[in-house]
Amino acid sequence: MSDASISETSSFIRRLADTGAHQKLLAFASLILLLVGFSIASPNFMQTSNMLAILQATSVNGVLAVAATLVIITGGIDLSVGTLMTFTAVMTGVVLTNLGAPLPFGILTAVLMGALCGACSGTLVAKMKIPPFIATLGMMLILKGLSLVISGTRPIYFNDTPGYDLISRGSIIGHFFPSLPIPNGVLILFIVAITASYVLSRTVLGRYCFALGSNEESMRLSGVNTDRWKIAIYALAGGIVGIGGLLISSRLNSAQPALGLGYELEAIAAVVIGGTSLSGGRGTVLGTVIGALIMAVLTNGLRVLSVAQEWQTVVTGLIIIAAVYADMLRRNRTA
Amino acid sequence: MSNLVTMLGIEKRFPGVHALKAACLELQTGEVHALMGENGAGKSTLMKILSGVYSKDAGLVKLMGSDIEFKNPRAAQEAGICIIHQELSLMNDLTVAQNIFIGREPRLSFGRLDEAALNNGAIEIFKLMNLAIDPRAIVGSLTIAKQQMVEIAKALSYRSNVLVMDEPTAALNDTEIADLFIIIEKLKKEGVGIIYISHKMDELKQIADRVTVMRDGETIGTVDAQTTSTDDIISMMVGRELINEAVNIPDLSDAPIVLEVQKLCRGREIRDVSFNLKKGEILGFAGLMGAGRTEVARAIFGADKLDSGTIKVHGETVSIKSPTDAVEVGIGYLSEDRKHFGIATGMDVRANIAMASLKRFTSKLGVLDETAMQDVASEYIEKLDIRTPSDRQELRFLSGGNQQKVVIGKWLLRNSEVLIFDEPTRGIDVGAKAEIYKLLNQLAELGRSIIVISSELPEVIRLSHRIAVMCEGRVTGILPGGISSQKEIMSLATRRSD
């Protein structure tokens, strides 16, 4: 065997380690372990209806977490995903219910409003150099307030828009394969995740996502307009959050203006459990989806076992710490 | 030969600083032009103006006879001017090829990337350079030397005809430096003009055609690198003659042994290392990068775990499990990476000096006695001649040499008997270096025992009373100071065990 082919193989192994495959594997193994554990503990857990419930519960947090993943890979953080989700839902409600526009306009509104607000956060971060934590904290509060103001603090119902609830709760797959009634919300999550994954690994936007998180100054010195790309990434994340807004308002068949706070932390938790580095430069959408699934399985499983909700929160906290600690251990060993 | 680049009367002001005063530089095709000067002389600023990072306030920049003014680095790169920064500016999480072509990725439709073209492009460049680097390797997993090569490949990919290298050999070992020089020679033959910034005099003699010296933002002069003596260049840099003191080695035959290290082992980094250190002695540690010198220092200081071996202080075996234990028995460690491990840049001189001895300034209720701290800080500022407006000045505003003195003050206050200096003069200019040498000698005269790890051989030879040479984790020899030659040390430093 020639030297070149040896170094080829070893660099392949190193690449595997570097891309965070370890962490993804660990997260995936934990997910399987949880599924097996809960199945043994309770016969009610591994029911089709319960599995579907878990998937349905993952959809909103999963979509938000995918959005958060993009921003976190750039080395930033987005605290506004929760209230932005609500804001896009409220705006959709205004367009559909108050203005009586047809459904496609509502969908467009959610995605465009999301992208617009994302671009705002991005501009604050890129052009005005406000740290992402603060910029998106500000956006979080602004959007929460605006949602309440615009809706007059009352929920906006979608009763006048027939079929709105089907966006999340209907099942196209179930229509063709009656034995597999996977809700549309879950289908949408997977479409969003696959698209985002493709964008990250195969497009210029994705490449610059990692480059920003890895060494922004170097990228700038290489002649890349870093500000513009950063704004684009925040806008893309915002657009994805808009899809999350559609999902949650469709599931509740209403836009609940008081909702939203806390979702951003759940999303960040899923990202972290999925092995994306909070310091930027590394991460995968697949990991994030697994992370979101772990959180949903955990919540659901503990509920099936009749563990009090208070304890579920405690366990989620422990899982986050354990996940990051496992990642640190691995990194120290390879370093 | 024709002028490739001409910079004339370049002016640049930053708030409160007149960084460049009518600075000039001339680069010919196929020339390696060394740019020298102490830190803060304006070399980097001048280069940043050339490469479009900064804009100039006044002056003229000509590239092949025509006036140019770059608005951003991209424009300079496209005109064929490329800079390889001192701190490697690569993206560690990306692959080699991705780094080389950042900002110029071959694209398919809809913003999709053409990964195959990207990797092939990188292979083409490496072929030109006679290198075998996997374009798909993650940059962070490469050695510093390889990363440096990637930087050069990136610069070449712009078809640059002007290449600026800012201290390219700072992190390379001798073999790697030789490889780099071969590439530089090759580029030269192809007519590329290279501006080479370095503090290492011996490198200039090897590689440079001409030298331009800068001081305080002005161009002092341009001289022939081969015919001008090193001393002349240094005096141009510092504006004064440096006194080249001969090492004055004290008689330490009766001095007690303060630190004795026996058979230290730690994996492949430290193999069976033994030595002793006498009171008032300066023991130099020489060797190539990765020889294990820093590892030995860190192990003695308790920062890394040892597999086996004993450490004796004043003849008594001590157990050092953490830096706290080491400080307790009187060992202080001054890291090679001051910014990361040695100082708190955002805190003031007073706090930094008191840092390792806070217990002394703390009342029973845990309140700090600021007055006492101020007194002590003032004492050390005077003793060590730390140039700072007051003891409340934040360390990040101090020069590298003064920061180093603050760290020394910190360990002196802690009453450390053994001080380990890891690359004490890295990133410090020539003038301040001489001061640090003087200070180390004074400390030794006062009875402190000192270990100096340095990659600059002239420094080790000039400072040390004895020199321990390491290679691949072993001590391959201990030589007397003062009379040992660079050649002797290098032959021990490259003595491979297998």
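Cβ-Cβ contacts under 7 Å between residues 6 or more apart (or on different chains), taken from a first residue in region B:195-207 that is over 22 Å from B:CYS24 (Cα atoms) to a second residue that is among the basic types (Lys, Arg) and crowded, with 18+ Cβ neighbours inside 10 Å, are absent.
With the condition kept exactly as written, say whether any residue in region A:251-259 is modelled with pLDDT of 90 or more and under 30 Å from A:GLY213 (Cα atoms). So far as region A:251-259 goes, no, none of its residues is modelled with pLDDT of 90 or more and under 30 Å from A:GLY213 (Cα atoms).
When region B:42-75 is examined, which residues are found to be in a loop (DSSP other than H, G, I, E, B) and more than 17 Å from B:LEU8 (Cα to Cα)? Step through it out loud before you land on a result.
Quick first cut of region B:42-75, residues in a loop (DSSP other than H, G, I, E, B) only: B:42, B:51-57, B:64-65, B:68-72.
Passing the criteria: B:VAL53, B:LYS71, B:ASN72.
With respect to the conditions (1) among the aromatic types (Phe, Trp, Tyr); (2) more than 24 Å from the chain's Cα centre (by Cα); (3) within 17 Å of A:LEU246 (Cβ to Cβ), A:PHE177 lacks only one, and its number is (3). For region A:187-202, the criterion of a residue being closer than 29 Å to A:THR284 by Cβ and more than 19 Å from the chain's Cα centre (by Cα) is satisfied by at least one position.
Count of region A:213-237 residues, restricted to those that are open to solvent by less than 10 Å² (accessible area, probe 1.4 Å), in a helix (DSSP H, G or I) and facing chain B (nearest Cβ under 9 Å), is 2. Where helices (runs of 4 or more DSSP H) fall entirely within region A:114-204, those with at least 1 residues that are touching a strand residue (DSSP E or B) at 6+ places or on another chain (Cβ under 6 Å) and more than 30 Å from A:THR48 (Cα to Cα) are at A:184-202.
Look at (1) touching a helix residue (DSSP H, G or I) at 6+ places or on another chain (Cβ under 6 Å); (2) under 25 Å from A:CYS209 (Cβ atoms) and you find that B:ILE84 fails only one, number (2).
Pairing each residue of region A:252-270 that is more than 18 Å from A:GLY287 (Cα to Cα) with any residue that is in a loop (DSSP other than H, G, I, E, B) and of a type in the set (A, V, I, L, M, F, W, C), provided the two are 6+ apart or on different chains, yields C-beta distances under 7 Å for A:ASN253/A:PHE158; A:SER254/A:PHE158. Sort through B:THR324, B:THR310, B:THR317 and tell me the only one that's assigned to a helix (DSSP H, G or I) and either assigned by TED's automatic domain parsing to the domain that holds B:PRO424 or of a type in the set (Val, Ile, Thr) (or both). Matching residue, one of B:THR324, B:THR310, B:THR317: B:THR324.
Look at region B:313-329: where a residue is at positive phi and a partner is in a strand (DSSP E or B) and open to solvent by less than 50 Å² (accessible area, probe 1.4 Å), sitting 6+ places away or on another chain with Cβ atoms under 7 Å, you get B:HIS314/B:VAL258. Taking region B:414-433 as the search range and keeping residues that are open to solvent by 10 Å² or more (accessible area, probe 1.4 Å) and modelled with pLDDT of 80 or more, which one is farthest from B:SER449 (Cα to Cα)? Checking each candidate, the answer is B:GLU423. Among residues of region B:106-125 that are within 12 Å of another protein chain (Cβ to nearest Cβ), those with a beta-carbon under 6 Å from a residue that is open to solvent by 60 Å² or more (accessible area, probe 1.4 Å) and among the aliphatic types (A, V, I, L, M) at least six positions away or on a different chain give the pairs B:ASP114/B:LEU108.
The values are calculated or read from the model by the stated rules, or taken from the named source; none is laboratory data. Worth saying up front: this structure is predicted, and the values here are computed from it rather than measured. So basically every Cβ, Gly included, is an ideal-geometry build from the backbone, and we count neighbours across all protein chains shown. All accessible areas refer to the heavy atoms of the entire protein, side chains included, with ligands and DNA or RNA removed. Shrake-Rupley method; radii C 1.70, N 1.55, O 1.52, S 1.80 Å.
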